[in-house]
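Read through the structure below, which is laid out as structure tokens, and then see the notes.
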Amino acid sequence: MFNMTPVPIEVVDFYDDGQDTRHYHFRLHGLENGVEKETLSAWQKAQSGQFFMLSLPGVGEAPFTFTELPNEQGKFGALVRQMGSVTHALFECAVGDIIGARGPFGKGWPMAAMADQRILIIGGGCGIAPLASVINELIETQNYRQLEVIYATRNSATLMLNPERARWRHFIPLFNVVEDTAGLSDPDYYQGTVLGLLPTVLHSFGTQPDLVLMAGPEAMMEAAAEYLVAYGIQPDAINLSIERRMHCAVGLCGHCYLQDRYVCTDGPTFTWADIRQYQAVG
Ligand SMILES: Cc1cc2nc3c(=O)[nH]c(=O)nc-3n(C[C@H](O)[C@H](O)[C@H](O)COP(=O)(O)OP(=O)(O)OC[C@H]3O[C@@H](n4cnc5c(N)ncnc54)[C@H](O)[C@@H]3O)c2cc1C
Ligand code: FES
């Protein structure tokens, strides 16, 4: 039996992080009473790449990935782009307001497969959100052989996770690529697209990456995946996070149907081999 009832969460803080986007911290509410130990324990099992349903009472629900996984106080992070009714209502909330959440849901990134591997991570626009916690986790555990990150966006106004990217730069090669560099004085920003930058990044690996993680616009992911396959990387070594409209998030309603799979329970992370088979992208 599925528990579809949201648990209360508190808006802890937020800051503007790119055009129409905010980075939020939430915390499970009521834990100080000690009655919600099971809830805390379930949320603490969240994995990088999984998602939760944010519930705004009287408005609706929408899925979001974790930029920071729930800690021992039940605090977690999410990058939210204002799109429609749920996100608009969230942007109206103040620090301290109580809203709701259900989760964690879905299949996270293949963390175990990353140990001692050469990993390339590619995030496009808001697609950096489901990759943030995996990058933090890898930097913290150092459980990889090589890690390089490409972050691509359209222009300086749409750059996101600015504080996190500034921190990552101290630990790993981070290639920021912006289509329109007007207003950007930082020489560390490349002008162009993911596809234009891939030869430089792959050359810097010295050899092929063992594993690729990607999230962002589907056209970008498809073009990059095809380039990487032509470069010799196996389709099942390329992992993508994809988005579909969701309602139940537990495999009941069929809103996120993808051939014979559900994005909410079989994903949102899939290999490129799977996606090609389901013809989900392109
Ligand atoms: C697994 C998953 C993880 C996600 N993680 C994040 C995240 O970390 N940060 C973030 O900002 N967003 C994320 N999203 C997207 C977010 O859930 C949607 O933007 C959501 O619809 C916003 O709700 P809303 O009520 O504000 O907008 P809505 O009223 O639902 O939508 C506003 C407009 O956006 C369009 N739209 C919404 N969702 C989609 C979609 N999936 N595909 C195509 N068009 C769409 C609608 O058709 C409508 O025109 C994620 C989605 C999924 C499935
Ligand atoms: S959202 Fe209902 S089946 Fe996936």
Some residue of the stretch 222-229 being of a type in the set (Phe, Trp, Tyr), open to solvent by 60 Å² or more (accessible area, probe 1.4 Å), more than 19 Å from GLN47 (Cα to Cα) and modelled with pLDDT of 95 or more: yes
GLY254 is checked against (1) among the small types (Gly, Ala, Ser); (2) touching a residue at least 12 places away in the same chain (Cβ under 8 Å); (3) open to solvent by less than 60 Å² (accessible area, probe 1.4 Å); (4) assigned to a loop (DSSP other than H, G, I, E, B) and fails just one. What number does that condition carry? (2)
Residues being buried (at least 23 other Cβ atoms within 10 Å of the Cβ) and not β-branched (Val, Ile, Thr): count how many of those fall in the stretch 115-137. 10
Going through (1) away from ligand 2 (no atom under 16 Å from the Cβ); (2) outside the structural domain of ALA223 (by TED's automatic domain parsing); (3) free of Cβ contacts under 8 Å to residues at least 60 places away in the same chain one by one, GLY60 fails only at (1)
Of (1) assigned to a helix (DSSP H, G or I); (2) modelled with pLDDT of 95 or more, ASP274 fails just (2)
Among the residues of the stretch 139-152, write down those that are within 16 Å of ALA129 (Cβ to Cβ) and touching a residue at least 60 places away in the same chain (Cβ under 8 Å). ALA152
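The values are calculated or read from the model by the stated rules, or taken from the named source; none is laboratory data. As the structure is a prediction and not an experimental result, all values here were calculated from the model. Virtual Cβ from ideal backbone geometry, glycine too; neighbours counted across all protein chains shown. We work out accessible area using only protein heavy atoms, side chains counted, and drop any ligands, DNA or RNA first. Shrake-Rupley method; radii C 1.70, N 1.55, O 1.52, S 1.80 Å.
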